[in-house]
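For reference, the structure discussed in these notes is given below.
The values are calculated or read from the model by the stated rules, or taken from the named source; none is laboratory data. A quick note: this is a predicted structure, and the numbers were derived from the prediction, not measured. Please note: Cβ atoms are built from the backbone with ideal geometry, for glycine as well, and neighbour counts cover all protein chains shown. For accessibility, only protein heavy atoms count, side chains too; no ligands or nucleic acids. Shrake-Rupley method; radii C 1.70, N 1.55, O 1.52, S 1.80 Å.
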Amino acid sequence: MTKIVFSFITLLILTTAANADFNPFMGDYENQIAINIGQGVNSGFLIPPPSQFVPFYMLPNIQYSQPTTFFKLPARQSLNFGETVGMGRKYGWNWKKLSIPMIFASGDVALLYGPDWYFATGAGVGLQAKENDRLGAKLLFQFKITGGYRFNDRWGMEIFVQHFSNANTAEENHSYAFYGAGVIYNF
């Protein structure tokens, strides 16, 4: 729970650089679809170091978003459907056992942006289909840092670091972490 409270406090402190006159996530459009993939990292940190890559993937994560604001800052609200896929053993974990579908709702807030790019952070909450030894709960909390670029009004891409945890709501909380990329279509 401390991680989530710290995340929201950090979000509020950093959000003074942007305003909601323009939504950098999707411009003038009201809907967005993204397909995201991610490479797993064996880390319990909120922002994982780029080390200890593991045979654990987010394949694919389908995200549907709409524009909104967060304390007058440009934002988006999203529904996410995806699955984690693991293979083999590494660092003491059987990653295949962690292959689990998940669904979650999230929100991202643009902290800094230009006409074609943005830097954002976000949080979410959701469920995975079953408990496992790594998280010990179906309930998931998510934290994300995103950098995005819009090629034109319709198409864009993002790179991100994403962390999933049970926020200490169960005995086990080793978390999931991913480095990833996504393709975006606005309509």
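General observations
- The stretch 49-102-the stretch 131-145 distance, computed between alpha-carbon centres (Å): 10 Å
- Phi to ³J(HN,Hα) by Karplus 6.51 cos²θ - 1.76 cosθ + 1.60 over the stretch 117-128, Hz, x for Gly, Pro: 9, 7, 10, 9, 9, x, 9, x, 9, x, 9, 9
- The alpha-carbon of residue 138 sits under 12 angstrom from the alpha-carbons of these aspartates and glutamates, leaving out residues fewer than 8 places away in its chain: 172.
- Within the accessible surface of the stretch 40-143, defined with a 1.4 Å probe on protein heavy atoms only, the carbon and sulfur portion equals 66 percent.
- Computed with every protein chain present, the accessible area of residue 35 is close to 90 Å² [probe 1.4 Å].
- Unit charges on C-beta of K, R, D, E only; dipole of the chain, Debye: 500 debye
- Within the full protein context, the accessible area of residue 117 is estimated at about 120 Å² for a probe radius of 1.4 Å.
- Cross-link partners of residue 144 among lysines (Cα-Cα below 21 Å; sequence separation of 8 or more within a chain): 3, 72
- Principal axis extents of the Cα atoms in the stretch 81-187, from largest to smallest and rounded to whole angstrom, are 45, 27, 25.
- Ranking 112, 73 by solvent-accessible area of protein heavy atoms (1.4 Å probe, all protein chains present), from largest to smallest, gives 112, 73.
- Helical contribution to [θ] at 222 nm, DSSP H n ≥ 4, -39,500 (n - 2.57), averaged over the chain, rounded to 500: -2000 deg cm²/dmol
- Of 92, 156, 126, the residue with the greatest mean-square motion in the GNM of the chain, using alpha carbon springs below 10 Å, is 92.
- Sequence-separation-based contact order of the chain, relative, with Cα cut under 8 Å and 6+ spacing, percent: 23 percent
- Accessible area ranking (1.4 Å probe, heavy atoms, ligands and nucleic acids excluded), largest first, for 163, 174: 174, 163.
- Computed over the stretch 49-120, the alpha-carbon pair-distance distribution with 5 angstrom bins reads 4, 14, 16, 16, 15, 15, 11, 7, 3, 0, each value a whole percent.
- Applying the criteria of a DSSP loop state and at most 15 other Cβ atoms within 10 Å to the GluC sites (Glu not before Pro) of the stretch 128-187 yields 131, 171, 172.
- Nearest-ten-degree value, helix 2-14 long axis tilted from longest Cα axis of the chain: 20 degrees
- Distances between placed amide hydrogens fall under 5 Å for residue 117 paired with 150, all partners being 5 or more residues away or on another chain.
- Label sites at residue 131 and residue 21, each approximated as a point 7 angstrom past Cα along Cα to Cβ, lie 5.2 nm apart.
- Once the Kirkwood radius over Cα pairs is known for the chain, the Stokes-Einstein relation at 25 °C and 0.890 mPa s delivers a diffusion coefficient of 148 µm²/s.
- Counting only protein heavy atoms and a 1.4 Å probe, the stretch 55-187 has 46 square angstrom of accessible area per residue.
- Heavy atoms of residue 125 accessible to a 1.4 Å probe, total area in Å² rounded to 10: 70 Å²
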